[in-house]
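One structure is given here, and the rest of the page talks about it.
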Amino acid sequence: MTENHLYEEIIIAGFGGQGILLAARLLAQTAMKAQKEVTYMPSYGAEVRGGTANCAVIIADEPIACPVVGKPDSLIIMNKASLHKFYPLLKPHGLLIYNSSLIEEEPEPTSSIEIQPVPANEIAVELGNVKAANMVALGAYLNKKRLLTIDAAADSLPQVLAERYHKTLPVNTKALYRGAEFTKQYSYKIKT
């Protein structure tokens, strides 16, 4: 693989019920529709709702040899326990998107990384559905990395959202765009 080719490893993590796997599926589906190579590897506790949940997604221009993500390029972290677990694994010069609604203290930088707090729960509540916090965080990631477009993710939503939840398509779509808008207004980088 040459250096100009895309190879992005992402971990999305939080607790069960936060829509971690849905956000990861949407990211993977959007990348597939953009003709990218994709792996999607979910992991969750037996209790699911309230337990831990995380998903590794790899997006590349060329075939992916291994779906395991050891040192992610980017993290989307929705709760404090997941921050403590996955933050030490983030590659230098990586991107951390974290839900500042549930993670009050700012993470300590361990290398030159980009840290983007997003009050995902608060934004989702403003939109009328706290369960859309996952889409707010994903929209923030998509805007920061610019590997895929928000429009493409919004177009992929009906394919990943179960039909019985299609009534939530408008709020989830708005949440993607609001997450992206938030990063345009409030963005900063921390270096050590």
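The values are calculated or read from the model by the stated rules, or taken from the named source; none is laboratory data. Everything numeric in this text was worked out from a predicted model, so none of it was measured. For neighbour counting, all protein chains shown are included, and Cβ atoms are generated from backbone atoms with ideal geometry for every residue, glycine included.
Which of the following residues is within 16 Å of I20 (Cβ to Cβ), among the aromatic types (F, W, Y) and at pLDDT 95 or above: Y177, Y165, Y98? Explain how you work it out, then say what you get.
Numbers: Y177 fails: within 16 Å of I20 (Cβ to Cβ); Y165 fails: at pLDDT 95 or above.
Y98 is the lone residue from the list that is within 16 Å of I20 (Cβ to Cβ), among the aromatic types (F, W, Y) and at pLDDT 95 or above.
Touching a Ser or Thr at 6+ places or on another chain (Cβ under 7 Å), among the acidic types (D, E) and touching a residue at least 12 places away in the same chain (Cβ under 8 Å), is that true of E122?
Values: touching a Ser or Thr at 6+ places or on another chain (Cβ under 7 Å): yes; among the acidic types (D, E): yes; touching a residue at least 12 places away in the same chain (Cβ under 8 Å): yes.
So E122 fits the description; yes.
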Consider A133 carefully, then state whether it is assigned to a helix (DSSP H, G or I), within 17 Å of I77 (Cβ to Cβ) and in contact with a strand residue (DSSP E or B) (Cβ under 9 Å, 6 or more places away or on another chain).
yes
Starting from segment 83-107, keep only residues that are without any contact (Cβ under 8 Å) to a residue 12 or more places away in the chain, then list their pairs with residues that are in a loop (DSSP other than H, G, I, E, B) and polar (S, T, N, Q) whose Cβ atoms are within a distance under 7 Å, requiring at least 6 positions of separation or different chains.
none
If I115 meets every condition in (1) in a strand (DSSP E or B); (2) modelled with pLDDT of 95 or more; (3) touching an Asp or Glu at 6+ places or on another chain (Cβ under 9 Å) apart from one, which number is that one?
(2)
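Being within 17 Å of the chain's Cα centre (by Cα), hydroxyl-bearing (S, T, Y) and within 17 Å of V136 (Cβ to Cβ) is true for just one of Y87, Y7, Y44, Y98. Which residue is that? First the steps, then the outcome.
On the way: Y87 fails: within 17 Å of V136 (Cβ to Cβ); Y7 fails: within 17 Å of V136 (Cβ to Cβ); Y44 fails: within 17 Å of V136 (Cβ to Cβ).
Being within 17 Å of the chain's Cα centre (by Cα), hydroxyl-bearing (S, T, Y) and within 17 Å of V136 (Cβ to Cβ) holds for just one of Y87, Y7, Y44, Y98, which is Y98.
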For segment 80-117, how many residues meet the condition of being touching a strand residue (DSSP E or B) at 6+ places or on another chain (Cβ under 6 Å) and within 18 Å of N54 (Cβ to Cβ)?
9
With the checklist (1) out of contact with any Ser or Thr (no Cβ under 8 Å at 6 or more places or on another chain); (2) at pLDDT 95 or above; (3) among the acidic types (D, E) in hand, flag the one item E47 doesn't pass.
(2)
Residues to consider are G94, G139, G70; find the one that is of a type in the set (G, A, S) and either surrounded by fewer than 15 Cβ atoms within 10 Å (Cβ to Cβ) or at positive phi (or both).
G70
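Would you point out which residue out of L138, L147, L102 is out of contact with any Ser or Thr (no Cβ under 8 Å at 6 or more places or on another chain) and over 26 Å from K36 (Cβ atoms)?
Numbers: L138 fails: over 26 Å from K36 (Cβ atoms); L147 fails: over 26 Å from K36 (Cβ atoms).
After ruling out the rest, the residue left standing is L102.
When segment 155-169 is examined, which residues are found to be assigned to a helix (DSSP H, G or I) and either surrounded by fewer than 20 Cβ atoms within 10 Å (Cβ to Cβ) or within 14 Å of the chain's Cα centre (by Cα) (or both)?
Applying the first criterion (assigned to a helix (DSSP H, G or I)) to segment 155-169 yields 155-160, 163-169.
Result: D155, P158, Q159, V160, E163, R164, Y165, H166, K167, T168, L169.
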Criterion first (within 23 Å of T30 (Cα to Cα), among the aromatic types (F, W, Y) and free of Cβ contacts under 8 Å to residues at least 40 places away in the same chain) does Y177 satisfy it?
yes
Can you name the residue in segment 60-99 that is of a type in the set (D, E, K, R) and in contact with a Lys or Arg (Cβ under 7 Å, 6 or more places away or on another chain) and is also farthest from E37 (Cα to Cα) among such residues?
K91
Among (1) surrounded by fewer than 14 Cβ atoms within 10 Å (Cβ to Cβ); (2) β-branched (V, I, T); (3) modelled with pLDDT of 95 or more, which single condition is I58 missing?
(1)
